[in-house]
Amino acid sequence: MSTPSLSDLPIRRLTRGDLSACADLSEDRGWPREEHKWGLLLSAGTGYGIDDPAGGLVSACVVTPYGPGERPELGAIGMVLVAERHARQGVGRRLMQYVLEQAGTTPLTLHATPYGQPLYEELGFKVTGRAEMVRGRFAPGGTAPGIATRPATAEDLAAILRLDSEVFGPDRTHVITRLPAFSDQLRVAEEDGRLIGYAALWPNMDTHVVGPLIARDTETAKALVTSLAAGTDRPLRTDIDVRHEDLLAWLKERGLEGVAFNAVMNHGAPDLPGDWTRRFAPLTVAAG
C-alpha cells in the first residue's frame, strides 16, 4: 500500500485520551513533555490533530475558547507543533488554516516565537504586543510589598471570577474554576475586605509557573509573587507583558532572568479585550 500524503491525512478533534501522544509530540520537538499543562488545555479547550499512519501525531494544537459556549468572544491558540520528521512540509500551515476556518468570525490570539511568527503573519495575524519569559530562583529582599495576601478559599471563587471578568474581558469560568485542582497554590490579595488581585502557581516540569497574575497595580502583583515564591523551593517561571516594565525590573532584581520574547498576535481584532494594566501574566502563553 502506498503511504498517504500529508495533505490527505484528516484533521480530527483531540481528547484527553490523546494526552500521551501530545506529550510525545512535544518531546519530539525538543520541548518538555508538559503533560500537566496538556491535560488542562485538552479539558478546557478544543484540540486538533493529524494522526501519523506510522503511529503518533503528525501535528497538533489547542484552541481555548472564552465567552459564551455557543458564541465565543475570543479563542487562544497554543501548542502548535509539527513532528520533526514532517517539518517544513506545509503541515503547520494546513492545521492553522483549518483552525481559522473553524473559528469563523471569532477573534483569535496567540503568542508566537520568532520561528513561528512569519507563518502567522502570512495567515493574517498582526503583532499587538510582546511578552518576556523570565525564569530563576526568587530571592526575597528589599522592602516587602505592603499588601495583604492569603490562600484562596472556595468562598473567594465568585469574587475571583468577577475580578477576572473585569480584567480579562470574555468569561473564562471554565478555566478559572479548574485552577484549584490544577495549581499548587492559589492566592488572593485584599484591601479593606475587597479582592484586588489573585495569582496561581502551577507545576511544570522542574519549575513552578506564576499565572494567571491579575492585580490592581504593580505593588499588588509583587506581593502576590512574593507570597507564592515563599511556598516553593523550585525556580519560578512566568511570562510578563513587557509594558509592565517595573515588575519585570523587580523580578530580575529578585533573581529571575530573561529567557525569551514572544510576540502577542491577534486575528480578527485590533487588540486583546479587557484591561491590560491589571493583566500582568497569562495562565500560560498557550491559553492566554
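Please compute the modelled spin-label separation between Ser5 and Gln117, points set 7 Å along Cα→Cβ, answer in nm with one decimal.
A separation of 3.3 nm, rounded to one decimal place.
Between region 34-77 and region 180-202, what's the alpha-carbon centroid distance in Å?
Spelled out, the Cα-based centre of one part sits 26 Å from the other.
Post the alpha-carbon centroid distance, region 226-268 to region 4-24, in whole angstrom.
Computed from Cα coordinates, the inter-centre distance equals 32 Å.
What FRET efficiency comes out for Arg13 versus Thr143 if R0 is 51 angstrom and r is the Cβ-Cβ distance? Round to the nearest 0.05.
The pair Arg13/Thr143 has a calculated efficiency of 0.50.
Using a 10 angstrom cutoff on alpha carbons, build the Gaussian network for the chain and name the most mobile of Arg194, Arg130, Arg216.
Looking only at Arg194, Arg130, Arg216, the largest GNM fluctuation is found for Arg194.
Assuming a ≥ b ≥ c are the square roots of the Cα gyration tensor eigenvalues, decide whether region 1-84 counts as rounded (a/c under 1.5), prolate (otherwise, with a/b larger than b/c) or oblate.
Cα axes put region 1-84 in the oblate bin.
Which whole-number percent gives the relative contact order of region 15-101, counting Cα pairs below 8 Å spaced six or more residues apart?
RCO, region 15-101: 24 percent.
Is region 162-288 best put as rounded, prolate or oblate by its Cα gyration tensor, with a ≥ b ≥ c the root eigenvalues, rounded for a/c under 1.5, and otherwise prolate when a/b is larger than b/c, oblate when not?
In terms of gyration-tensor shape, rounded.
Lys/Arg Cβ at +1, Asp/Glu Cβ at -1, dipole of the chain taken about the Cα centre: which of Thr173, Val127, Thr105 is farthest positive-ward?
Selected residue: Val127.
With only Lys, Arg, Asp and Glu charged, each at its Cβ (+1 for the first two, -1 for the last two), find how big the charge dipole of the chain is about the Cα centre; round to the nearest 20 debye.
Computed about the Cα centre, the dipole is about 180 debye.
Just to be sure I understand, if you calculate volume of the Cα convex hull per residue in Å³ for this structure, which of (i) 180; (ii) 122; (iii) 145 do you get?
Step by step, volume of the Cα convex hull per residue in Å³ for this structure corresponds to label (ii).
Set the Förster distance to 41 Å, then compute FRET efficiency between Asp246 and Thr105 from the Cβ-Cβ distance, nearest 0.05.
Rounded to the nearest 0.05, the efficiency is 0.65.
With r defined as the distance between the Cβ atoms of Ala260 and Arg93 and R0 fixed at 25 Å, what FRET efficiency is calculated, to the nearest 0.05?
Once the sixth-power term is evaluated, E becomes 0.60.
What 222 nm value per residue comes from the helices of the chain, counting each DSSP H run with n ≥ 4 as -39,500 (n - 2.57) and dividing by all residues, nearest 500 deg cm²/dmol?
Rounded to the nearest 500, the figure is -8000 deg cm²/dmol.
Readers should treat all values here as calculations from the given coordinates under stated rules, not as data from a laboratory. Quantities reported herein were computed from a predicted structural model and do not represent experimental measurements. Backbone-built Cβ (ideal geometry, glycine too); neighbour counts: all protein chains shown.
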